[in-house]
Each structure stands twice: as C-alpha cells, then as structure tokens.
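To keep things clear, I will list the structure first and then write my remarks on it.
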Amino acid sequence: LRFASAPLAAPLRFAGAVRAELEVSSDAEDTAFGFRLLERRAGGEEIVLREGVATLALRNGPPRTPYVPGTRVTVLPDAPPLEAELAAGSSLVLVLTSASFPSVEAHPNVAGTLAAAATTRGAAQTLHRATLVIPEVAP
C-alpha cells in the first residue's frame, strides 16, 4: 500500500524515532510487515528516508511470541532515528509492505527462525489500521 501527503506548504524538520504502528492480521503462523518512508521532491525524485520491519513472532521483541493466524495484533517495525528537513513542495510517501527484498530478507511465512526455514508459503495479509508518528521539531 502506498500513501502520499499533499505537497508541503512550508519546510518540515523532524528528528528522532520515526514509527509506524500497524494493526494487522495474517493467515500465516508468522510473517513480516514493514514500512518505507520516502521524500518525494517537487521534481518527482523519491528518496528513501527510513525503512523498518517486524515479524509477528517478534512483535513484542524477544523472546518469540506465538501468533494465532487470523488474530489482529499491533506490530511496531524497528527503524533507526532520523533527522531530516524536507523542503516546501516535497511530499511524504509511506509504503506499507510485507516484503522489501533485497533490502530486507524475504520472510518464508512459516513459524521459526528465518535461517532454519525449509519451506515457504504465500500469505494473505490484512492491514486494519496504520499510524505514522514523526517527531516534528519546531523551526
């Protein structure tokens, strides 16, 4: 899924943790959900600002928490802090995804550690709600 803001009327400066809070469900025992935050400049060029990913099994951090397929849960994909200033005329673009290969290893959509997975399967993913939290800094 891809969402874009209207062009910014004024510069936007932010610093700190950029967070996506995703309420999701899946028919898989484990899978991944993630986000990518981009700046779309006035000329159309898109720059990746941050990318984060979380698995259902690690949605609460370690240790693994079993996921019951079909259950609605909240995942908070990890992303490092960011400081940026977007120019007036730029737009924020939020991409919500279950895959981002090759920048993030593909999830096999089966329970267990990724490195030990012997099989893969498709998964039906549902996004119920998404919130993007950006720590704005006053000019």
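Whole-Hz Karplus values for the stretch 114-119 come out as 4, 5, 9, 5, 9, 9 Hz, taken residue by residue from phi with 6.51 cos²θ - 1.76 cosθ + 1.60 and θ = phi - 60°; glycine and proline positions read x. Place a label point 7 angstrom from the Cα of GLU21 along the Cα-to-Cβ direction, then list the residues of the stretch 75-114 whose backbone nitrogen is under 15 Å away. It comes to 75-78, nothing else. Within the shell of other residues whose beta carbon sits under 12 angstrom from the beta carbon of ALA84, the net charge comes to -2, with Lys and Arg scored +1 and Asp and Glu -1. Basic side chains Lys and Arg get +1 at the Cβ, acidic Asp and Glu get -1 at the Cβ, and with that the dipole of the chain about its Cα centre reaches some 180 debye.
Note that the stretch 1-72 presents 52 Å² accessible area per residue, ligands and nucleic acids not counted, probe 1.4 Å. Report the calculated FRET efficiency for LEU76 and ALA99 (r = Cβ-Cβ distance, R0 = 22 Å), to the nearest 0.05. After rounding to 0.05, the efficiency reads 0.75. Quick one: net charge around GLY52, please, counting Lys, Arg +1 and Asp, Glu -1 for every other residue with C-beta under 10 Å from its C-beta. So the surrounding residues net to +1. Set against the 2.2 N^0.38 Å expectation for a compact globular protein, the stretch 8-59 has a Cα radius of gyration ratio of 1.50.
Between ARG121 and THR65, the modelled label-to-label distance comes to 2.2 nm, taking each label 7 Å out from Cα in the direction of the beta carbon. Run through all the Cα pairs of the stretch 44-128 and give the fraction in each 10 Å bin from 0, expressed as whole percent. Reading the bins upward from 0: 13, 43, 28, 14, 3. What are the residues whose amide H is under 5 Å from the amide H of GLY16, where those residues sit 5 or more places off or on another chain and H is modelled from the backbone? The list, which skips near neighbours in sequence, is LEU82, GLU83. Modelled spin labels at PHE3 and HIS128, positioned 7 Å past Cα toward Cβ, are 1.6 nm from each other.
Of the solvent-accessible surface of the chain, computed with a 1.4 Å probe and all protein chains present, 57% belongs to carbon and sulfur. Other residues with beta-carbon under 15 Å from the beta-carbon of ARG129 carry, at +1 per Lys or Arg and -1 per Asp or Glu, a net charge of +1.
The values are calculated or read from the model by the stated rules, or taken from the named source; none is laboratory data. From a predicted model like this one, the values you see are computed outputs, not experimental measurements. Here Cβ is always computed from backbone atoms with ideal geometry, including for glycine, and neighbour counts include all displayed protein chains. Just the protein is used for accessible areas: all its heavy atoms, side chains included, with ligands, DNA and RNA removed. Shrake-Rupley method; radii C 1.70, N 1.55, O 1.52, S 1.80 Å.
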